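Taking it in order: structure first as structure tokens, then the write-up.
What follows draws every value from the coordinates through simple rules; no lab data is involved. Everything quoted here is computed from the prediction, not taken from an experiment. Because the Cβ atoms are built from the backbone with ideal geometry, glycine has one as well, and the counts that use them run over all protein chains shown.
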Amino acid sequence: MIIILTQPQDVHADGIYERLQQRGLEHLRIDSADFPTRATVSFKCSVTRRPSFSLRTPAGDIDLDRISAVWLRRPLPPFLHEETTHPDCRAYAQEECANLLDSLWDALPCRWVPAPYPVIRRAARQPLQFKLASALGLELPPTLITNDPEEFLEFYARHDGNIVSKLPSPALTHTLKHLELARYTQQVTRRDVVHADSIRYAPVTFQAYVPKRVELRITVVGEQAFAAEIHSQKANRTRIDWRRYDNQHTPHYPHTLPDKVRRGCVELVRQLGLCYGAIDMVLTPDGRYVFLEINPNGQFLWIEQLTGMPIRDAICDLLASSRAPEQAAV
């Protein structure tokens, strides 16, 4: 049985759910926010009984021994009972619920796509990504991650002010979900330089601006790499960051990667302990492929819809595979 672990509103999960149904593969969608209000988790062991978990959801009791794969999409954290009102009590209950639920997932000896929680958290760290990508021969832009204003000013001067800033992790999105905040890549301005001292409060990633012929979204699924050209320079809104999305004026096409770059992308995903990853690159006007970052659980559906590349089928193949997964040390 294949488990899709996600929230109720997830069009990517809807697409995979549909494909699994078409293939006749047994699958179940689970929302971890049902715990502890609508779902229960128990752990039991005794002298005569091996340690085991049980999970009861609104869909019924789940036979954990029959789970062959888990697709870890975008699950929500446990949603506490309304009766738990005191802030300290809620914080305690939230921690205990998360710990027991994580223990349950850790106990499943099955394939995880992209990987178990701890591996995904590790793989999202930019310094690790850059270190592995560099060792694999992928070109990197000059990069600085710092909370030191003097380091930032020196980097700004070295590149004649032609730099961009971005967040070093998804922490803003994860911690302030209730505000629905998003912060895209932005050009650094003279006004930013005036307020350079403010980066003392939290680190920021700075990179030398990379000229773009096109941007590339490379979705790695197992041993396959689906590369899409994003012609972000055709629309003003997407020139600096295509995630501002103007698909009506931003053509997307399949792209054939040089074999060395393709192999580097697949190997980077593997070395991060993942079996799926969404890599962002720039193809420069002079033909260089420059690595920007990898999202261990990045979106893919719009790429398939605009290019016709069979990414959902590849994910279903991975979920249905019985090959033992490889996991990175944490």
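Per-structure values
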{"read-out": "DSSP bridge pairs, the range 2-109: antiparallel proportion in percent, nearest 5", "value": "45 percent"}
{"read-out": "Relative contact order computed over the range 2-109 (Cα-Cα under 8 Å; 6+ residues apart), in percent", "value": "31 percent"}
{"read-out": "Count, lysine Cα pairs under 30 Å in the chain, 8 or more residues apart or across chains", "value": "11"}
{"read-out": "Residue exposure sequence - ILE199, ILE163 - by fewest surrounding Cβ within 10 Å", "value": "ILE199, ILE163"}
{"read-out": "Rounded to the nearest 20 debye, dipole of the range 2-109 from Cβ charges on Lys, Arg, Asp, Glu", "value": "400 debye"}
{"read-out": "All Cα pairs of the range 2-109, percent lying beyond 16 Å", "value": "62 percent"}
{"read-out": "Coil-residue chymotrypsin sites (Phe, Trp or Tyr not before Pro) of the range 1-56, DSSP, other Cβ within 10 Å capped at 14", "value": "none"}
{"read-out": "5 Å binning of all Cα-Cα separations within the range 251-292, expressed as whole percents from 0 upward", "value": "5, 19, 28, 27, 13, 7, 1"}
{"read-out": "Counting DSSP beta bridges with both ends in the chain, the antiparallel % (nearest 5)", "value": "75 percent"}
{"read-out": "Structure-based [θ]222 nm, the chain - -39500 (n - 2.57) summed over DSSP H runs of at least 4, per residue, nearest 500", "value": "-9000 deg cm²/dmol"}
{"read-out": "Cα extents of the chain along the three principal axes, largest first (Å)", "value": "69, 48, 37"}
{"read-out": "Length-normalised contact order of the chain in % [C-alpha pairs under 8 Å, at least 6 apart]", "value": "18 percent"}
{"read-out": "Highest average packing first - 304-311, 277-284, Cβ atoms within 10 Å", "value": "277-284, 304-311"}
